[in-house]
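Below: one structure, written as structure tokens.
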Amino acid sequence: MERERPKAPAKRIIAARERLESERRELEAARARYQEIIDRGAEALSRYDREIAYGGNDEMARAGTLALLYNQIAWRKGRIACLEGGHSRSTSRTR
């Protein structure tokens, strides 16, 4: 993530804040999708997921999708923690 940040300190702070907000939105979307699949099961999945990706096995489609979403949620939480840590370090330098 360090390579993606601008060099100028002011632009760096703005970019970090924007990235943090984006990650938080994406985390909430993944959590909502995860909960939707928990509540509705395979009915919440697309035809492609159910019939093609998982060969018509609805239980495997549900389990596989939940596993992928769980990993996305964990990954986003890690990115948020990293961004929050980097943001607090970059703002403390400018104070």
* Is it true that residue 17 is touching a residue at least 60 places away in the same chain (Cβ under 8 Å) and closer than 15 Å to residue 84 by Cβ? -> yes
* Report, ordered by the first and then the second residue, all pairs with beta carbons closer than 8 Å, sequence separation of six or more or different chains, a first member in segment 29-52 that is under 15 Å from residue 72 (Cβ atoms), and a second member that is part of a loop (DSSP other than H, G, I, E, B). => 37/45
* Asked: Just checking, which of 70, 54 is surrounded by fewer than 17 Cβ atoms within 10 Å (Cβ to Cβ) and either modelled with pLDDT under 95 or out of contact with any Gly (no Cβ under 6 Å at 6 or more places or on another chain) (or both)?
  -> 70
* To do: Among what's in segment 22-40 and is surrounded by fewer than 14 Cβ atoms within 10 Å (Cβ to Cβ) and more than 16 Å from the chain's Cα centre (by Cα), pick the residue that is nearest to residue 82 (Cα to Cα).
  => 38
* Tell me which of these residue 87 doesn't satisfy, since it passes every other one: (1) surrounded by 14 or more Cβ atoms within 10 Å (Cβ to Cβ); (2) at pLDDT 90 or above; (3) out of contact with any Asp or Glu (no Cβ under 9 Å at 6 or more places or on another chain). => (2)
* Asked: In segment 41-51, what residues are part of a helix (DSSP H, G or I) and either in contact with a Pro (Cβ under 6 Å, 6 or more places away or on another chain) or exposed (fewer than 12 other Cβ atoms within 10 Å of the Cβ) (or both)?
  -> 43, 47, 48
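The values are calculated or read from the model by the stated rules, or taken from the named source; none is laboratory data. Keep in mind that what you see is a predicted model, and the values were worked out from it rather than measured. Counting neighbours? That spans all protein chains shown, and the Cβs are built from the backbone with ideal geometry, glycine included.
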